[in-house]
């Protein structure tokens, strides 16, 4: 289980996709511990922000040089977070 804070950011100015960038140490640890990755180097995870928990995948980002986590609209609405919001994240890699 990993716990960290990160800032929500929107992909492209006109994009609907919102992400969080995992801290370097968390990204490195997940990369080192995860031998089997799915398409595009993705890793399946369970995530909690506030009272919202969901399953998704994190993806390696060449630009960020870290994994990025998509944050779906339902979670952003439920937790009152938007582009620029700082949030506390609990993340568990699924095996």
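For this structure, a couple of remarks:
- Hey, residue 55 exposed (fewer than 13 other Cβ atoms within 10 Å of the Cβ) and on the phi < 0 side of the Ramachandran plot or not: yes
- Those residues of the stretch 12-37 which are more than 24 Å from residue 75 (Cβ to Cβ) and outside any helix (DSSP H, G or I), in sequence order: 35, 36
To keep it simple, each residue is scored yes or no on (1) surrounded by 11 or more Cβ atoms within 10 Å (Cβ to Cβ); (2) on the phi > 0 side of the Ramachandran plot; (3) over 14 Å from the mean Cα position of the chain (by Cα).
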position: 16; (1), (2), (3): no, no, yes
position: 21; (1), (2), (3): yes, no, no
position: 29; (1), (2), (3): yes, no, yes
position: 34; (1), (2), (3): yes, no, yes
position: 70; (1), (2), (3): yes, no, no
position: 89; (1), (2), (3): yes, no, no
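- Qualifying residue in the stretch 2-17 (condition: over 21 Å from residue 85 (Cβ atoms) and at pLDDT 95 or above): no
- Leading residue by the ranking (farthest from residue 3 (Cα to Cα)) among those in the stretch 40-80 that are at pLDDT 95 or above, in contact with a strand residue (DSSP E or B) (Cβ under 7 Å, 6 or more places away or on another chain) and not in a strand (DSSP E or B): 78
The values are calculated or read from the model by the stated rules, or taken from the named source; none is laboratory data. In this text, all values refer to a predicted model and were calculated from it rather than measured experimentally. With ideal geometry, Cβ positions are generated from the backbone for all residues, glycine too; neighbour counts draw on all protein chains shown.
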